[in-house]
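K.L.:
Take this structure first; my questions come after.
The values are calculated or read from the model by the stated rules, or taken from the named source; none is laboratory data. Since this is a predicted model, take the numbers as computed values, not measurements. So basically every Cβ, Gly included, is an ideal-geometry build from the backbone, and we count neighbours across all protein chains shown. We work out accessible area using only protein heavy atoms, side chains counted, and drop any ligands, DNA or RNA first. Shrake-Rupley method; radii C 1.70, N 1.55, O 1.52, S 1.80 Å.
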Amino acid sequence: YRTQITATATGNNYRSYSTYLKESTVEEDNAEDTAVEEKTQEQQPAAAVVVESSIPPPTTKRTTTTKITADRIEKATKERPYPLFLAEKAASILPSFKSEEYYPTNTQKERIIVLGTGWGAASFLKSIDCNKYDVTVISPRNYFVFTPMLAGASVGTVEFRSITEPVREINSKVRYLEAAATEVDPKTNTLSCVSIVCEGNSCETEEFEINYDRLVFSVGAQTTTFGTPGVEEYCNYLKQVGDAQQIKNAIVNCFESAGLPDLTEEEKIKELSFVIIGAGPTGIEFAAELLDFIEENGARFYKELLPYVRIKIVEAAPSILRPFEDGMKEEAIRKLTRKIELEGVPTLQPLEILTNKLVSEVSGNYVYFKDGEKIPYGMSLWAAGIGQLPITTHLLDTLGETEQKDAQDFARGRLAVDPWLRVIGGDGKIFALGDCSCVSSAPMLPATAQVAAQQGEFLGDFLSKDYCIDAMDDKLLPPLGMNADQSKTLADKIASFAMGDDEIAPPFQYLDLGILAYTGKGSALAQVQISPGGGMPGATENWDPVRLQIKGKLGFGLWRSIYLLKMTSPKNAVLVTLDW
């Protein structure tokens, strides 16, 4: 089976994938092995690449010529109509009745290395066909964390074991290596890693290298401080289980310290002042959980200290919860700044929201602002943004002389990927998803678990099928089916119909299911997108999505229901239910 591809690429505007590949011609010449005529390099066009596949030739001779033009690429990568896309997603949930695929028995399985154990990696491991690939997961953490519930775990609402799932239980067929990747060499398909090996009370680092055929880069992102002095030294983060454990201990320590004798009223207020920097979903949900802790547990154990509690949410923008509609923001403010009535305690209103406040520095006792004001604190949480990990930056530098450099005009520090999540400049060997990636043919997607999970599921399903995904003559062409006769699922057929093309693999398309935020005392916000509307996200004059806004007790019920449904296993769902 021989695929001969001629491609021409012009321009560097990767917002439109068709400008990356202006025109490509694909000629498929299928014949028996004995009938394949060898051609010399001089006979081939200058930009032609001949790829030999391990798939055996058909029993009957067939010659087809397929032209991949810029118009065809643009049509294939265009967002599929919303009703058909919903039908495609619904069909993907149904059991697959497709016939058994043919996998060559005389070749070794390709090795896929998965970096990370976050949302994207977990979804990928659930959907990848381990009968086709040898999958190895490399991460310093051997478990998946349900990160939206870390805020609840930090105050004891749920237990840590309830929101974690070991990697080996997500997919028992994968191999796991507890190590941190430090460098990626795309030229040799080699990954450099470092692992901490402990024996007794002594530990030492061990470095090793491992080769890959495909690399799934899903390392996520880290909290960024924007260079603010003192943040790394004095602020807590909320990204990992260890962060939540540290916050849990810090809250208890603040109350115990405030209960010591001979402290002045000012000193007690300082010890019981909790400053949350960042009013996105993470900061707001932590503030809501902390408020519940004070109202429920504080009244039982620290009743005499409650009048000294202060919670301050600091936000540089004019409003909180920027992804939500204005009415939902107002509801969140109303619930968070509510008055608390407790028996034997004066009326409390401990939470205050400070907007348009830029933090200039954090010291051991104060948070300083650029307007000259400062506030004391006993514990501070930094939830003001994310940045890329060193390995992501290193990979970008390694790909600096490829098309990835030009793609950074819109990727802005993330790995630019094509509509099929292949890293631009990675020759089809490297895929990236989640917070460390940016799809080149779509508006900038939010750095959320929802996006990463959908990308991981898409990529696992995509790689489990037979497509030509490698670069041809250093160009990432649209993936074509390796076997024209291979069966398709109902979801694939709907996607092909929506695209108007049954040869090119359907690209990734994000389905915005909405956003959730807990606001305290059995109340939550649920903003569900019913229709994407017209225009593009970010173009406020044209973009008019239809959204269903649910709040209060109904929103709380929906919030809990969705979180339970998104748990990685029934065991976790049961444990969380019991914790609640």
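K.L.:
Residues of the stretch 185-202 being in contact with a helix residue (DSSP H, G or I) (Cβ under 9 Å, 6 or more places away or on another chain) and in a loop (DSSP other than H, G, I, E, B), which ones?
P.N.:
Result: 186, 187.
K.L.:
Something else about it: Return the only residue of 356, 365 being out of contact with any Gly (no Cβ under 8 Å at 6 or more places or on another chain), polar (S, T, N, Q) and either in contact (Cβ under 8 Å) with a residue 60 or more places away in the chain or under 15 Å from residue 235 (Cβ atoms) (or both).
P.N.:
Going through 356, 365 in turn, the sole match is 365.
K.L.:
Now for a different question. Do you know which residues across the stretch 292-312 are in contact with a Ser or Thr (Cβ under 9 Å, 6 or more places away or on another chain) and under 16 Å from residue 518 (Cα atoms)?
P.N.:
Once the filter is applied, which keeps residues that are in contact with a Ser or Thr (Cβ under 9 Å, 6 or more places away or on another chain) and under 16 Å from residue 518 (Cα atoms), the stretch 292-312 yields 292, 293.
K.L.:
Among the residues of the stretch 293-337, count how many are open to solvent by less than 40 Å² (accessible area, probe 1.4 Å), more than 26 Å from the chain's Cα centre (by Cα) and among the aromatic types (Phe, Trp, Tyr).
P.N.:
Qualifying residue count for the region: 2.
K.L.:
Here's a follow-up. Of everything in the stretch 238-273 that's hydrophobic (A, V, I, L, M, F, W, C) and within 26 Å of the chain's Cα centre (by Cα), which residue is surrounded by the fewest Cβ atoms within 10 Å (Cβ to Cβ)?
P.N.:
If we take residues in the stretch 238-273 being hydrophobic (A, V, I, L, M, F, W, C) and within 26 Å of the chain's Cα centre (by Cα), then 241 is surrounded by the fewest Cβ atoms within 10 Å (Cβ to Cβ).
K.L.:
Right, next: Give 426, 460, 385 a once-over and let me know the one that is touching a helix residue (DSSP H, G or I) at 6+ places or on another chain (Cβ under 6 Å) and either buried (at least 22 other Cβ atoms within 10 Å of the Cβ) or more than 23 Å from residue 501 (Cα to Cα) (or both).
P.N.:
460
K.L.:
Tell me, which residue of the stretch 183-232 that is under 14 Å from residue 140 (Cα atoms), of a type in the set (Ser, Thr, Tyr) and modelled with pLDDT of 95 or more is surrounded by the most Cβ atoms within 10 Å (Cβ to Cβ)?
P.N.:
Top of the filtered list is 218.
K.L.:
Additional query: Checking residue 533 against (1) surrounded by fewer than 18 Cβ atoms within 10 Å (Cβ to Cβ); (2) modelled with pLDDT under 90; (3) on the phi < 0 side of the Ramachandran plot: exactly one of these is not met. Which one?
P.N.:
Status for residue 533: all satisfied but (3).
K.L.:
Output yes when any residue across the stretch 222-230 is in contact (Cβ under 8 Å) with a residue 12 or more places away in the chain and touching a helix residue (DSSP H, G or I) at 6+ places or on another chain (Cβ under 8 Å), and no when none is.
P.N.:
Within the stretch 222-230 (the criterion being in contact (Cβ under 8 Å) with a residue 12 or more places away in the chain and touching a helix residue (DSSP H, G or I) at 6+ places or on another chain (Cβ under 8 Å)), the answer is yes, since at least one residue qualifies.
Yes/no per residue for (1) modelled with pLDDT under 95; (2) open to solvent by 80 Å² or more (accessible area, probe 1.4 Å):
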residue	(1), (2)
505	yes, no
510	yes, no
515	yes, no
521	yes, yes
524	no, no
529	yes, no
541	yes, yes
